[in-house]
Amino acid sequence: MNEELVRMEHISKFFGRVQALNDVTFTVRKNEIVGLLGDNGAGKSTLIKILSGALIADSGTIYMHGRPVSVRSTTDAIKLGIETIYQDSALVTQLSIARNLFLGREPTKGPRLLNRMDQQAMNEVAAGLLKKAGIQKDIPPTTPISSLSGGERQAVAIARAMHFDSELIILDEPTNNLGVEETQSVLRFVRNARDSGHSCIFIAHNIHHVFQVVDRIVVMRRGKKIADDIDPRQTTIEAVEQVIMGHLDSIPDAPPAQ
Amino acid sequence: MHSSSPFRRFFTGPAASPVGQFMQTFISRPEFGPFVLLILEIIVFTLRSGAFLSSTNISNLLAFTPELGMIALGMTMLMTSGEFDLSVGSVFGFAPVVMWTILNTGTASLEVGFFVAIAIAVVIGYVNGIFVTRLKIPSFLVTLGMLLVVRGTALYITDGFPQRTWSAEGSWIANLIVGEFTIGSIKIYASVIWFIAFVIVLAYMLTQTKFGNWILASGGNAQSAQARGVKVGRTKIILFIMTAVMSAFAGIVSSIRVSAANPNSGTGYELEVIAMVVIGGTALTGGRGTIIGTVLGVLILRFMRNGIVLIGVPGLAYNIFIGAIILGMMALHSWLERRHNAGV
Ligand SMILES: Nc1ncnc2c1ncn2[C@@H]1O[C@H](COP(=O)(O)OP(=O)(O)O)[C@@H](O)[C@H]1O
Ligand SMILES: [Mg+2]
């Protein structure tokens, strides 16, 4: 089994009197794709927002590679190699694909004083990445994000995460509002992410999608983690649904034949 | 006319030809609307009044245009980052008052006065920037407050009276920033050269540099830009400072040219400048900006003010035209934007 990449330990979070997370401990290993499942309001988004620096936990510790780290902002998380892809993908819609891919880390050329962006290099790298990201259409990297479809935007966000060698890519319901084709391309991308040495946390409403791509399933209910080690190859969608809805507390021991 | 002439291709050839493609890109650019309007304006004024293109009139236009124009250039950068500055007119009036007061009271030389005035502008821009980015107060309120503070200070230290400025003769700094020369029969001030230099530097900055990308991103989506490591606050503070400094410089240029530093000068410039910038195609909400567009916007409004008087429209009707131009241009830009987002 691979070594541990991230460990969130004893995480709790209140919103006023609502306890969104109750002593949750959650780990992701290297090269692992973890599916995070649970009904609406279970606390999935809250948990990953704490990991990506968008929220700060009331208590608990985050470890990376076994060492405690402080994630107090999204900038901290990105520096630690944690990239998050939201539904709205957090791109600057007025800027081109290439300018978005390199935003904040633009390559420069020539004398430092002139601060000149190497737009040619940016466009070349971007064109290659888009192909890898599964955008079949020939979209020039100078196209503004505002004229891309939802799936293409997700692909750009994922391509960015991969290019900058994020160790962990978090996808919170990335396939909502996407068409069938686009959803397939996001799923394909998640699978590729593992092959190229990244870890992923994948949250999706559609349990079939989760079953298609993940190595391990974690289930949350009402702010608590109730199952941690579900192997999608050893169980059925129906059994996992029972756990999510609270009819079962764990997957029955005798796995049904596949 | 031989077959590959641009004209023929433009009128008959397929849109995919190089020239057709060029036209296509050109038409979809935000600068296209203002460009056409400017050309129309020049044609109409030239046809209606022989005086419009006379060398005296061109000299006149070239004297005052760069002064407002420099403020507009600074404002373009600031607005692209999603902020704006209402205190520019007051800084335009205040900076020369500081410079001339320092000279006239015998405190120091004109040169020292110049650098003190610019340094004060840096502080004003910095304070604007800190209030907006750290205290998260909207730039409308911050710079409105600053407008009153700066204008009030100018009136207070001068008792409301203009400062004498006749002693600028021969100062190297006065020559450098407003020295005059002639090309043919057209008198040109050095401020035109300064304006052109600013246009080149700022257009380069906005479109070619990393800093320019940060300006666009800060105005487009500050939160995601920040998350990517863009220093949004610092970017905006730098632009507030730049805008204040350019306003101060413009005010000093103007005061030397007209030999007067009036504490009230620059009143109302903030709105005229913002109008110039948005007419040129820069978005009031940030994320989109064009220096070339602003140059066109500046020329459109200056030519309009000058031209309608020449063709005999009462000067008081000026605002009607300006208002109509703003509304028309906004409609055009929003239509282009929607067309663009639809992927055309
Ligand atoms: N910003 C917030 N303010 C108040 N309550 C919140 C906030 N975010 C989430 N919650 C509450 O926390 C709980 C968990 O929400 P969330 O993590 O979004 O669930 P999930 O993503 O699993 O659907 C819910 O009860 C939700 O109402
Ligand atoms: Mg959620």
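The values are calculated or read from the model by the stated rules, or taken from the named source; none is laboratory data. Keep in mind that this is a model prediction, so the values were computed, not measured. Every residue, glycine as well, gets a Cβ built from its backbone with ideal geometry; the counts of neighbours run over all protein chains shown. Accessible surface areas use protein heavy atoms only, side chains included; no ligands, DNA or RNA. Shrake-Rupley method; radii C 1.70, N 1.55, O 1.52, S 1.80 Å.
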Subject >> Residues that are in a helix (DSSP H, G or I), small (Gly, Ala, Ser) and more than 18 Å from A:Glu32 (Cα to Cα), drawn from segment A:171-198 >> reply: A:Ser185
**OP:** State whether one or more residues within segment A:107-117 are closer than 20 Å to A:Pro174 by Cβ, facing chain B (nearest Cβ under 8 Å) and free of Cβ contacts under 8 Å to residues at least 12 places away in the same chain.
**Re:** no
**OP:** Report, ordered by the first and then the second residue, all pairs with beta carbons closer than 6 Å, sequence separation of six or more or different chains, a first member in segment A:2-24 that is among the small types (Gly, Ala, Ser), and a second member that is within 16 Å of ligand 2 (Cβ to nearest atom).
**Re:** A:Ser12/A:Leu21; A:Ala20/A:Lys13; A:Ala20/A:Gly43; A:Ala20/A:Thr46; A:Ala20/A:Gly223
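Suppose we keep only residues that are more than 11 Å from the chain's Cα centre (by Cα) and in contact (Cβ under 8 Å) with a residue 24 or more places away in the chain within segment A:193-202. Which one would you say is farthest from A:Ile217 (Cα to Cα)?
Keep residues of segment A:193-202 that are more than 11 Å from the chain's Cα centre (by Cα), which gives A:194-197.
Of the ones still in play, those that are also in contact (Cβ under 8 Å) with a residue 24 or more places away in the chain are A:194, A:196-197.
On the way: A:Arg194: 16, A:Ser196: 21, A:Gly197: 19 Å.
So, considering only residues that are more than 11 Å from the chain's Cα centre (by Cα) and in contact (Cβ under 8 Å) with a residue 24 or more places away in the chain, the one farthest from A:Ile217 (Cα to Cα) is A:Ser196.
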Original post:
Could you list, in sequence order, the residues of segment A:197-238 that are on the phi > 0 side of the Ramachandran plot and within 16 Å of ligand 2 (Cβ to nearest atom)?
Top reply: A:Arg222, A:Gly223
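Search segment B:150-160 for residues being farther than 9 Å from B:Asn264 by Cα and of a type outside the set (Val, Ile, Thr), and hand back the single one that is least open to solvent (accessible area, probe 1.4 Å). Quick ask: steps written out before the conclusion?
Step one: of segment B:150-160, the residues farther than 9 Å from B:Asn264 by Cα are B:150, B:152-153, B:156-159.
Filter once more, keeping what is of a type outside the set (Val, Ile, Thr): B:152, B:156, B:159.
Numbers: B:Gly152: 35, B:Tyr156: 181, B:Asp159: 123 Å².
Selected residue: B:Gly152.
Test A:Ile85 against the criterion of being closer than 30 Å to A:Glu124 by Cα, within 16 Å of ligand 2 (Cβ to nearest atom) and crowded, with 21+ Cβ neighbours inside 10 Å, and give yes or no. Explain how you work it out, then say what you get.
Details: closer than 30 Å to A:Glu124 by Cα: yes; within 16 Å of ligand 2 (Cβ to nearest atom): yes; crowded, with 21+ Cβ neighbours inside 10 Å: yes.
Yes: the conditions hold for A:Ile85.
For A:Ala54, indicate whether it is within 16 Å of ligand 2 (Cβ to nearest atom), under 18 Å from A:Ala126 (Cα atoms) and either of a type outside the set (D, E, K, R) or open to solvent by 50 Å² or more (accessible area, probe 1.4 Å) (or both). Spell out how you get there, then give the answer.
Values: within 16 Å of ligand 2 (Cβ to nearest atom): yes; under 18 Å from A:Ala126 (Cα atoms): no; either of a type outside the set (D, E, K, R) or open to solvent by 50 Å² or more (accessible area, probe 1.4 Å) (or both): yes.
No.
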Subject >> Top-ranked residue of segment A:174-185 - restricted to ones that are over 24 Å from A:Gly41 (Cβ atoms) and surrounded by 15 or more Cβ atoms within 10 Å (Cβ to Cβ), ranked as nearest to ligand 2 (Cβ to nearest atom) >> reply: A:Glu182
**OP:** Test each condition in (1) over 17 Å from the mean Cα position of the chain (by Cα); (2) without any contact (Cβ under 8 Å) to a residue 60 or more places away in the chain for B:Ala275 and report the one that comes out false.
**Re:** (1)
Original post:
Do you know which of the residues in segment A:160-173 that are within 20 Å of A:Glu106 (Cβ to Cβ) and within 14 Å of another protein chain (Cβ to nearest Cβ) is most open to solvent (accessible area, probe 1.4 Å)?
Top reply: A:His163
Original post:
Could you give every pair whose Cβ atoms fall below 6 Å, whose first residue belongs to segment A:156-185 and is more than 26 Å from A:Gly53 (Cα to Cα), and whose second residue is within 16 Å of ligand 1 (Cβ to nearest atom) and open to solvent by 10 Å² or more (accessible area, probe 1.4 Å), counting only separations of at least 6 or pairs across chains?
Top reply: A:Thr183/A:Thr175
**OP:** Please work out which residue is farthest from the other protein chains (Cβ to nearest Cβ), limiting yourself to segment A:217-253 and to residues that are away from ligand 1 (no atom under 15 Å from the Cβ), outside any helix (DSSP H, G or I) and aliphatic (A, V, I, L, M).
**Re:** A:Leu248
Original post:
Looking only at segment A:2-46, which residues are more than 8 Å from ligand 1 (Cβ to nearest atom), touching a helix residue (DSSP H, G or I) at 6+ places or on another chain (Cβ under 9 Å) and among the acidic types (Asp, Glu)?
Top reply: A:Glu32
**OP:** Please find, within segment A:129-140, the residue that is modelled with the highest pLDDT out of those that are in a helix (DSSP H, G or I) and open to solvent by 40 Å² or more (accessible area, probe 1.4 Å).
**Re:** A:Lys131
Subject >> Of the criteria (1) in contact with a Ser or Thr (Cβ under 8 Å, 6 or more places away or on another chain); (2) more than 8 Å from chain B (Cβ to nearest Cβ); (3) open to solvent by 50 Å² or more (accessible area, probe 1.4 Å), which one A:Ser96 fails >> reply: (3)
**OP:** Kindly indicate the residue of segment A:1-45 that is assigned to a loop (DSSP other than H, G, I, E, B) and within 16 Å of ligand 2 (Cβ to nearest atom) and also most open to solvent (accessible area, probe 1.4 Å) among those meeting that condition.
**Re:** A:Asn40
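Does segment B:164-172 include one or more residues that are hydroxyl-bearing (Ser, Thr, Tyr), under 30 Å from A:Gly104 (Cα atoms) and either buried (at least 16 other Cβ atoms within 10 Å of the Cβ) or within 14 Å of chain A (Cβ to nearest Cβ) (or both)? So that I can check it myself, show each step before the final result.
Of all residues in segment B:164-172, those hydroxyl-bearing (Ser, Thr, Tyr) come to B:165, B:167, B:171.
Subsequent filtering for residues that are under 30 Å from A:Gly104 (Cα atoms) retains none.
No.
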**OP:** Tell me which of these A:Ala155 doesn't satisfy, since it passes every other one: (1) assigned to a helix (DSSP H, G or I); (2) within 14 Å of chain B (Cβ to nearest Cβ); (3) more than 30 Å from B:Val201 (Cα to Cα); (4) open to solvent by less than 10 Å² (accessible area, probe 1.4 Å).
**Re:** (2)
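How about segment A:118-146: which of its residues are more than 10 Å from every other protein chain (Cβ to nearest Cβ) and closer than 25 Å to B:Val201 by Cα?
Taking segment A:118-146 as the starting set, the residues that turn out to be more than 10 Å from every other protein chain (Cβ to nearest Cβ) are A:120-121, A:123-142.
Within segment A:118-146, A:Gln120, A:Ala121, A:Asn123, A:Thr142 meet the criteria.
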Subject >> Residue list for segment A:203-216, restricted to those being aliphatic (A, V, I, L, M) and either without any contact (Cβ under 8 Å) to a residue 12 or more places away in the chain or assigned to a helix (DSSP H, G or I) (or both) >> reply: A:Ile207, A:Val210, A:Val213
Original post:
From the set of residues in segment B:229-242 that are touching a Leu at 6+ places or on another chain (Cβ under 7 Å) and either in a helix (DSSP H, G or I) or open to solvent by 20 Å² or more (accessible area, probe 1.4 Å) (or both), which is nearest to the other protein chains (Cβ to nearest Cβ)?
Top reply: B:Leu239
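Residue by residue, here is whether (1) among the aromatic types (Phe, Trp, Tyr); (2) under 17 Å from the mean Cα position of the chain (by Cα); (3) modelled with pLDDT of 95 or more holds:
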residue: A:Asn40; (1), (2), (3): no, no, no
residue: A:Ser45; (1), (2), (3): no, yes, no
residue: A:Lys49; (1), (2), (3): no, yes, no
residue: A:Ser52; (1), (2), (3): no, yes, no
residue: A:Gly60; (1), (2), (3): no, no, yes
residue: A:Val69; (1), (2), (3): no, no, yes
Original post:
Among the residues of segment B:187-207, is there at least one that is at the interface with another protein chain (Cβ under 8 Å from one of its Cβ atoms), over 30 Å from B:Arg257 (Cα atoms) and either at pLDDT 95 or above or not in a strand (DSSP E or B) (or both)?
Top reply: no
Original post:
Where in segment B:72-185 are there helices (runs of 4 or more DSSP H), lying wholly inside it, with at least 2 residues that are within 13 Å of B:Ser255 (Cβ to Cβ) and of a type in the set (A, V, I, L, M, F, W, C)?
Top reply: B:88-104, B:110-133, B:172-178
Subject >> So B:Ile118, is it at pLDDT 95 or above and closer than 15 Å to B:Glu83 by Cα >> reply: no
